[in-house]
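Asker: The structure follows.
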C-alpha cells in the first residue's frame, strides 16, 4: 500500500499481510541561493476543487496592512491553474503578484523548489483526498523549504508534514491560522531566517524504499 489509511482499510478486509511502501524522492539536493522575493511556489495542476480561498484572502489582508509586502510577494504556479482560481486571485487583487509558468520538465522543477521561500501544497477538501499522498510532497520535503499545505482533516499529507517537521498543515476553514503563519514567515524572510530543519526524511529516499521492498520480497520467498 502507498498510504497508512489505505493500509488500514485493506487490513480490515484481509488476513493476508499487507505492508506500506510510499512514493519517495531520488534527486541529490544542491545548495541554491533563495529568491530575493517572498516567493510562494506551487508545482502541479490546480483543479477547481483545490482552491484555497483562505490563502488568497490572507495574502490580500497582509498586503493591505504591511508595508512592502505587495512588492515582495511572488506566487509561482508551475502547472495548469483552473480559471475559477485565477478569478479568485484577481478578486483579491493578487494578479500582479502571480507568475504562470509554461510546462516545465520534471528535472527543471527541482531548482524552483530549492530556491523558493515557501512551497505550497493544496489538496481537495474531501475524504477521498485524505487517503492520497501526492508524489510531489516527497520532493517538497527533500528541498528543506517550508511547506504550507491546505487540505482535508485526517490527511496523510498532514501526518507526513508533522512527522518530518517540514512545514504547517491547515484545514480549509483555518483562515486566522493561515494568516498568522504567513505573517510570521514574512517576518522571518525579512531578516533572512525563513528556514526549517526537516527530520526523518531519509526513509522516503527511493534507495531506502527499494531496500524495504527487497526485504519484503526476500521474507516472502524464504
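Asker: State the number of residues belonging to the stretch 49-75 that are surrounded by fewer than 21 Cβ atoms within 10 Å (Cβ to Cβ) and within 26 Å of residue 105 (Cβ to Cβ).
Answerer: Qualifying residue count for the region: 2.
Asker: Still on this structure: Give me the pairs: first residue in the stretch 133-146 and under 13 Å from residue 42 (Cβ atoms), second residue crowded, with 23+ Cβ neighbours inside 10 Å and modelled with pLDDT under 90, beta-carbon distance under 9 Å, and six or more apart or on different chains, which are they?
Answerer: Between residues of the stretch 133-146 that are under 13 Å from residue 42 (Cβ atoms) and residues that are crowded, with 23+ Cβ neighbours inside 10 Å and modelled with pLDDT under 90, there is no close pair.
Asker: Of the conditions (1) in contact with a strand residue (DSSP E or B) (Cβ under 8 Å, 6 or more places away or on another chain); (2) at pLDDT 95 or above; (3) surrounded by fewer than 18 Cβ atoms within 10 Å (Cβ to Cβ); (4) not in a strand (DSSP E or B), residue 100 satisfies every one except a single condition; which number is it?
Answerer: Here residue 100 clears every test but (4).
Asker: Condition check: in contact (Cβ under 8 Å) with a residue 40 or more places away in the chain and under 14 Å from the mean Cα position of the chain (by Cα). Does residue 182 satisfy that?
Answerer: Judged against the criteria, residue 182 is not a match.
Asker: Can you pull out the residues in the stretch 105-132 that are exposed (fewer than 14 other Cβ atoms within 10 Å of the Cβ), in contact (Cβ under 8 Å) with a residue 24 or more places away in the chain and either assigned to a loop (DSSP other than H, G, I, E, B) or touching a strand residue (DSSP E or B) at 6+ places or on another chain (Cβ under 9 Å) (or both)?
Answerer: Scanning the stretch 105-132 gives a single hit, 126.
The values are calculated or read from the model by the stated rules, or taken from the named source; none is laboratory data. Because the structure is a prediction, the values reported are computed rather than measured. Here Cβ is always computed from backbone atoms with ideal geometry, including for glycine, and neighbour counts include all displayed protein chains.
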